[in-house]
1. Please report the base-10 log of the normalised intensity I(q)/I(0) for the protein assembly as shown, using a Debye sum with one equal scatterer per alpha carbon and no solvent, at each q in 0.06 (1/Å).
2. What are the label-to-label distances in nm, one decimal and shortest first, from residue B:250 to the same spot in the other copies, with labels 7 Å along Cα to Cβ?
3. Give me the accessible area of residue B:81, 1.4 Å probe, in Å² rounded to the nearest 10.
4. What are the extents of the Cα atoms of region C:209-270 along their three principal axes, listed from largest to smallest and rounded to whole Å?
5. At 7 Å along Cα-to-Cβ for each site, give me the label-to-label distance between residue C:140 and residue C:128 in nm.
6. For region B:192-306, place one equal point scatterer on every Cα, skip the solvent, and apply the Debye formula. What is log10 of I(q)/I(0) at q = 0.13, 0.17, 0.20 Å⁻¹?
7. Compute from the Cα atoms of region A:295-354 the Rg and the Dmax, the latter being the longest Cα-Cα distance, and quote both in angstrom.
8. Rounding to the nearest 10 and keeping the result within 0 to 90°, find how far the Cα-based axis of helix C:381-392 lies from the longest principal axis of chain C.
Amino acid sequence: MTGFNTPLKIAGGIALASMLLALPAFAQDAEVADEVAEAVVGGEAAIQTQFILNSFLMLFGGILVFWMAAGFAMLEAGFVRTKNVSMQLLKNVTMYSVACLAYYVIGYMIMYPGDAWMVDGVIGAIGIAVLEPVGLAADAADLTYATVSSDFFFQIMFCATAASIVSGTVAERIKLWPFLAFVAVLTALVYPIQASWKWGGGFLDQMGFLDFAGSTVVHSVGGWAALAGAIILGARKGKYNADGSVNPIPGSNMPLAVLGMFILWMGWYGFNGASQLAMGTVGDIADVGRVMANTNAGAIGGALAAALLTAIIYKKVDLTFVINGALAGLVSVTAEPLTPGLGTASLIGAIGGVIVVLSVPLLDKFKIDDVVGAIPVHLFAGIWGTIAVVFTNPDANIGTQLLAIVVVGLFVFIISLVVWAILKFTVGIRPSAEDEDAGLDVAEVGVEAYPQFK
Amino acid sequence: MTGFNTPLKIAGGIALASMLLALPAFAQDAEVADEVAEAVVGGEAAIQTQFILNSFLMLFGGILVFWMAAGFAMLEAGFVRTKNVSMQLLKNVTMYSVACLAYYVIGYMIMYPGDAWMVDGVIGAIGIAVLEPVGLAADAADLTYATVSSDFFFQIMFCATAASIVSGTVAERIKLWPFLAFVAVLTALVYPIQASWKWGGGFLDQMGFLDFAGSTVVHSVGGWAALAGAIILGARKGKYNADGSVNPIPGSNMPLAVLGMFILWMGWYGFNGASQLAMGTVGDIADVGRVMANTNAGAIGGALAAALLTAIIYKKVDLTFVINGALAGLVSVTAEPLTPGLGTASLIGAIGGVIVVLSVPLLDKFKIDDVVGAIPVHLFAGIWGTIAVVFTNPDANIGTQLLAIVVVGLFVFIISLVVWAILKFTVGIRPSAEDEDAGLDVAEVGVEAYPQFK
Amino acid sequence: MTGFNTPLKIAGGIALASMLLALPAFAQDAEVADEVAEAVVGGEAAIQTQFILNSFLMLFGGILVFWMAAGFAMLEAGFVRTKNVSMQLLKNVTMYSVACLAYYVIGYMIMYPGDAWMVDGVIGAIGIAVLEPVGLAADAADLTYATVSSDFFFQIMFCATAASIVSGTVAERIKLWPFLAFVAVLTALVYPIQASWKWGGGFLDQMGFLDFAGSTVVHSVGGWAALAGAIILGARKGKYNADGSVNPIPGSNMPLAVLGMFILWMGWYGFNGASQLAMGTVGDIADVGRVMANTNAGAIGGALAAALLTAIIYKKVDLTFVINGALAGLVSVTAEPLTPGLGTASLIGAIGGVIVVLSVPLLDKFKIDDVVGAIPVHLFAGIWGTIAVVFTNPDANIGTQLLAIVVVGLFVFIISLVVWAILKFTVGIRPSAEDEDAGLDVAEVGVEAYPQFK
């Protein structure tokens, strides 16, 4: 009665059961055969229970990651000016919808080709996502992982998250439809292709690259795409003066931004926790718990580091940095939320918070106008988190981690630059100067966010 | 080791166990009897595990549907003018509370009479809801479904949802207490009686009417009650001019409205997903995943359809229609979120979004003033969704679906008209013209929503 | 096939399995031994499944209680004036972070010393929290409760909740860092020490004190600390006139306050529901459902009682009292959400709502300025709820309940007074009168909450 691990138990149960049923003669009489068959039900039920628990974890996690879409919407609505709030909200809702559609029609099969790679380990398969049939029979299912529907539901939300990261950076100065066109390319092809390299079993996975829940695979991807967009698009009117000085443009609604942060933080328990992909064994549920506790530790590390550092540098604690510090802490522990202890996780998150505080002025020096700070939070902290895996996970190799960061970065950044540039020089991506002054809510949406507050 | 389905497994396990325990003589010796008894523990545990998982699904779903109450409150607070925001919030909190009380004291037993119908298949039983005792023993429980407490918790939230739909339509011009009186009748009697026809095993269920999570049973019911209220109550002052033209009255806070939409969307995963009522088998958990993925597909279909259609019709993408388009997509797939594929679900949702865009001006033509658009979203899309079941579920019959739509509609609409009219001609339902001008926050609540923003 | 209860089943399964494996000779032949071993897998899996389900319940509950941090932030941001909103948000985020850090480094081991009390039953152990190793083996785990990580994750959120209660009361007139210093003492020592008396198995637990989810252990603790703070800190400038009259200072954003209430309400299903600490048996899941249904009943009781009572007293229904009435209802049922019936739970909550309406003016009489009403909601209703246990739980003893209320109250209140006083007379806790007039957002945070709304 040793606590043999799950795959062994499953294999053993199936083998034993097959043997028992195939060779009923071994039994001394019919009753004993019945007993045995009944006994096996125990093992079978356990396998099914594990499968159900794994699937439920991913559905649960998927709902929480969906909720992050609301978090991004609130965060960004709080960080833009009142005249662009409706537009920012609209972009978040439609972008999420486009991302889901693109991932369903193309992205999912690209990302998880199974054995049907178009270019082995590099480019997945073409096809739309198909869930299992209604009323799946237990004996028709492969019970080693989880349901297709739960996997799809979980993964589609990750794809939408990568897209959400972009919209904050390019806020207040981009037209709706070109933005949605970029999102379609990002979520149908760019995100799924590079994600297949790791999570689809592609070449980065085979090389031993480690990225538990996606510091690189999700967050840096959104960050690179956002950086390319910010460069091609240029800064908002009035953000940078000719002499190189910066005009701060404060966000219009701090409670919304903090609400967005809390929503994202909550969603991250699903983002990281359900990326364990299993909770059907004692080991798995203990790991899910570790992941969630470390996720929280990373966030508080980032928030406190940002609070202390802004107090030192600016003499006042800057709320917007604390918000982004917490988010950077979350991004930082996302590549490896399992192996660190609580203290190390806090420290990894804290360094993420420091990175944000120090890099926001740096971006301004290069006149890269990132409205919500998504590039420091998701790209810089994402790179840091991917590197930090080597400090706690003995299976990680610094060379492989760096290679993956560079390969994914080049792939996403170059394609994003090209797509943004094509959009710019064909349909155009930027509203007229008058529209930008008037605000996009009036110019493009026709619905003001706060019509009575002025 | 066949994968026999759950009811069979349960029945078989119990039968075998009974036999084994009743006829110990069959065993060759005492030890074997012990083994068998122990073996059965496996089957027994599996049944208990299924029962626990089913119950947890409904508690989980119930929490998500509870959360929809917050969604309605935020949506409506965002869509009304600042002078009526506190009133709208107050109505949502107190209405939810009245609905829960009424459902507990009367509604639950009316809706689920078991074998104790007052009028067989038409009117349920009188009695208050009673949960199982503390510390329920496994052998004292019927393990075929789920706990009474989880069922009650899930169902009470559905009842509250039906009521929430009404408050948005009649906003800005109704008095608090008469509104709460209407809600009490709706949730104690109207909703539960018609719900018993389908979900309590009543005559519509016996006729083969299909409504998975309540496009008709929940959403159209709220919609019909809202329509009756809007007719009896009349439009807001200044909404319609004598020449038939319409004065748009924009909502005061778009971030709140979008937050409300996201909350409702999130809650819908519980609303539809947990309406599978089981996740204790492989087939059930796969179905729950299908339902959640399709629920999302319906929402994005509705949002994108509304975005495209308003861009075509009005040259600008109207955020308020995108919000209501997503919600209409959700309502549309609610009658059958299981059998469609992802593409079909998106399409069903998209048609829901189109219905909203086209029907809002229609209501204005009839001078029916629906402040938040609840009638198009919940009633019209609810009817569409109920019809759409026939396209993907071979068990559905178009005649039965239409009959149920009409029967439920007539029942709810007529009673609602009568109750609203009685309230109007006795206590009065409408504040004075001065109070309406001043705003209900000052007149009825005494708490302004945004006292410093003016 | 009796439904023997879980501990027995676990013990029996292990004992039988040990015997069977230790004494294979009993078996008639090798095959039968194999059958038996396999059969036992059923029992084993059941124990593991229970352990997994218990652990997941606490992770699920922990996420919901985390979400309450967002609820407090929104509630308080809605109840303060616009000039102090950023500060209130900042305090909530940093306070949560400090609480988590303090609980991790000191609090958790103080609260759950196991057998390693420093002063037996009174003061726990010194040490930092350590989770189980990655990839816990099933046979290395004690499967009688839940994973350490899930327990830690759940409990850390409770500690943060106790701290959150304080920040609302002392809002608009306290400096950031001294406030955080107080929170560090509260969450590292004060909360964990008194919590160990009950939940760590200390002297109050041994005496039979009952507090299911913490009306006293969590809510009154926050309330006492807040009361001490309000006394030492004094009222806001302009709140009380020299003649004893009160200037009402209305909150700036009612939708935020209501959102906060709904978030807290939602989180409370985890707070109370997961405090069952188990859902691996039929009895436990039924109890979890009872707890959640009763939690909702308490909230609606509180909301409706506050609505009715303010309508009677003030002729208008006061939304702020309805919000606090619902919260007081939740606090009131927290000490015993399991044993009451739904009607009794509603009544217990209703009395909580009445307490709030009646005690807010009382605090003003003593010039205790509680900005959000946290003292009535969490302290007074917490005391009431702790007493109310005796009405439905036959194991409760009124003397023990009162003793615990007094002992915990004296301990927390006196230490809090001392810590607040030390902070006041060393670093100072109150901003200058000019800073208070200008608002703390400008003075301490440097980020205005709504820079464009004025």
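1. Each listed q maps to, in turn, -0.49.
2. Those label-point separations list as 2.4, 2.4 nm.
3. Residue B:81 has an accessible surface of roughly 40 Å² with all protein chains in place.
4. 44, 33, 16
5. 2.0
6. Result of the Debye calculation: -0.77, -1.09, -1.23.
7. Cα-based Rg and Dmax for region A:295-354 come out at 10.8, 36 Å.
8. The angle comes out at about 40 degrees.
The values are calculated or read from the model by the stated rules, or taken from the named source; none is laboratory data. It should be emphasised that the depicted structure is a prediction, and the values quoted were computed from it without experimental measurement. Ideal geometry is used to build each Cβ from the backbone, glycine not excepted, and the neighbour counts take in all protein chains shown. Accessible surface is based on the protein model in full, side chains and every heavy atom, while ligands, DNA and RNA are left aside. Shrake-Rupley method; radii C 1.70, N 1.55, O 1.52, S 1.80 Å.
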